[in-house]
1. Please name which of B:Leu321, B:Pro266, B:Ser302 has its Cα lying farthest along the dipole of the stretch B:243-361 towards the positive end, using unit charges on Cβ (Lys, Arg +1; Asp, Glu -1) and the Cα centre as origin.
2. Assign unit charges at the C-beta atoms only (+1 for Lys and Arg, -1 for Asp and Glu), then state the dipole size of the protein assembly as shown relative to its Cα centre in Debye, rounded to the nearest 20.
3. For the charge dipole of the stretch B:243-361, defined by +1 on Lys and Arg C-beta atoms and -1 on Asp and Glu C-beta atoms about the Cα centroid, which residue among B:Phe291, B:Gly341, B:Ala330 has the Cα displaced farthest towards the positive pole?
4. Could you give me the ³J(HN,Hα) list for the stretch A:260-270, computed from phi with Karplus coefficients 6.51, -1.76, 1.60 and θ = phi - 60°, whole Hz, x at Gly and Pro?
5. Taking the Cα atoms only, what angle lies between the long axis of helix B:173-190 and the longest principal axis of chain B, rounded to 10 degrees?
6. Report, in debye and to the nearest 20, how large the dipole of chain A comes out about its Cα centre when Lys and Arg carry +1 and Asp and Glu carry -1 on their Cβ.
7. How big is the gap, in Å, between the Cα center of the stretch A:214-271 and the Cα center of the stretch B:213-261?
8. Just going by the charge dipole of the protein assembly as shown, with Lys and Arg at +1 and Asp and Glu at -1 on Cβ, which of B:Ser44, B:Val123, A:Leu205 is farthest out on the positive end?
Amino acid sequence: MNKVYDNKAWLLILPMLALVAFSAIIPLMTVVNYSVQDVFDANTRFFTGTEWFVQMLNDPALQSALLRQFAFSLTVLCIEVPLGIGIALLMPKKGWQASAVLILVTLPLLIPWNVVGSIWQIFTRGDIGLMGWGLRELGYEYNITRSAVDAWGTIIIMDVWHWTPLIALLCYSGLRSIPEAYYQAARIDRASRWAVFRFIQLPKLTNVLVIGVLLRFMHSFMIYAEPFVLTGGGPGSSTTFLSQSLTTMAIGQQDLGPSAAFSLIYFLIILLVSWVFYTAIMNMQKDKEGGA
Amino acid sequence: MAEITLRQLAHSYLPSPSGPEDYAIREMDHVWHQGGAYALLGPSGCGKSTLLNIISGLLEPSSGEVLFDGERVNSLPPEQRNIAQVFQFPVVYDTMTVFDNLAFPLRNAGMSETQIREKVLEVADVLELTPQLKRKAKNLTADEKQKVSMGRGLVREDVSAILFDEPLTVIDPQLKWKLRRKLKEIHRRFNITMVYVTHDQLEASTFADKIAVMYEGQVVQFGTPRELYERPAHTFVGYFIGSPGMNLLDVSVKDDQVRCGEVVVPVAPKVRDIIARSSSDNIRLGIRPDFVEVFETAQEDSLAVEVVNAQDLGTYSILTLALGDVTLKARIDEDQATPKGKAYIRFPQARLGVYIDEYRVETDHE
């Protein structure tokens, strides 16, 4: 039988290609375009090559913003993930209590970023805010506009309050899907409570936790509205994170070239960290070659 | 190592059961002797798994006692009962290697690593898991996982008993057979009490020395596979075991003769007396299809029947016969000619059972 090779079917992916072009490639290429040129007006531009990239990578303000950003993301992940797992383990499994707790836990997730910032802005005010006033009454000189420690602490508590429920919900659904037989087998094997968590619950939560950690990493790495509303990046630049630096540069100073280069670096960092994390977790589950 | 006694045991999943139908386990007494290989056979939903979970301690019975070597263990959790249980679907600890999985119960019991190693290697060898010992349990096939599940029960040589809850459901047929033999072998080698739950009579009779048949929350008969076949103690056993199941004829005594409908069934005088004395209106005669004698010509004490259908199954045929309004099955060997149209059957008295209110009544010639 003669087989006729005909690759016309490839044409069928054209609509998809067009869609992807509009949704991803064209916007991205705009940024790439700006990042390698110095554009003055519609007719005047100079090709700059990697100049903007080099400049951005060597900018001390951005470097410290990047470090702050990593410190922030790492801190919130370290708090939110264990806390979320803990909450999920404590949540009731059936009856009206389960539904009630589920709704209570979910509430913070439903509040828009700006509103969260405003809520906490008022909440932490020394004169009328419950938390700010309360801490002062207790004798602690709490002031997020003066003390970088207070500002940092407050932003972290705010993020934990806002986003731990996401991890808790993901873990809760993961825990619900573990068949009863696993717990029964563990009892038969005389496993301790810790062993049940370590060898049954945690492994079964791996998949939801990977999603949770990735989402929380990307989210927290791009955090903007909440600290912007709460502290405006201050005091000084102690809570100025990457996206705020970017906004200032792109909108405030209209430095399109550098901010385009910076955007790309930003994007690549998130992509790289997510990929490394995902690959590392997936590799952990494989058998070690040659035996261990 | 223990003898497991169930005394007046009953269990209901409802908080306040009213009638017998509310009970998953109806009041029963039973003893599993040390070192026996037992099967618990019954249809789905008859309470087999409930009974198993009560023995292992995953479930506390509503009433009655569970005794291990005469000691009441009702309120002891499974951790303290020292019992192993293998579930229908494989349970493995995903992130551990096969070795660690098998070692897990021993480590929890605080055994020394050298002893653990020895024990795990022995069990892995028996289950043919040695090549997989270093692999992560997550990446095994379903039957390898189930072998690991079983292995975790088998490594504990000091267990009171190992309970199997339909452990071969997920296993391929040919491997099933192999694993069943493996279990028998292990039973012989370690002399552990094993209780094997199944709804498959073949599985039960190949594994067990004695089978407990459960029906509607009760053990209706406990005996060897042969006893279950030849002398079912309950109509359900007659129907559930053997293929096709036992023939059961509704009978009554009229004019001093035992009749099935209008047909007079010749029975021994003893049997007739038993039936005549009974006040129940649920009296049946039971006989296995292979014990029904089929003739082409009339014999002494034979009954005329209509041959409705003959099914040739190679070495034997199954005849469907009409005796008045009642349908019977009979099994004849291939060397006997298959009768057509009319035939004559006879019930050997020794093979005929009398069932009053579903239970067998003992007659003399047994």
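FYI, it's all coordinate maths here, none of it is from the lab. Worth saying up front: this structure is predicted, and the values here are computed from it rather than measured. Every residue, glycine as well, gets a Cβ built from its backbone with ideal geometry; the counts of neighbours run over all protein chains shown.
1. B:Pro266
2. On the way: 59 positive and 70 negative charges, 303 e Å.
Taking the Cα centre of the protein assembly as shown as origin, the dipole is about 1460 debye.
3. It is B:Phe291, whose Cα lies furthest towards the positive end.
4. Per-residue couplings from phi come out as 5, 4, 5, 4, 5, 4, 3, 4, 5, 4, 4 Hz.
5. 70
6. Details: 18 positive and 17 negative charges, 264 e Å.
Dipole of chain A, to the nearest 20 debye: 1280 debye.
7. Their Cα centres are 82 Å away from one another.
8. A:Leu205
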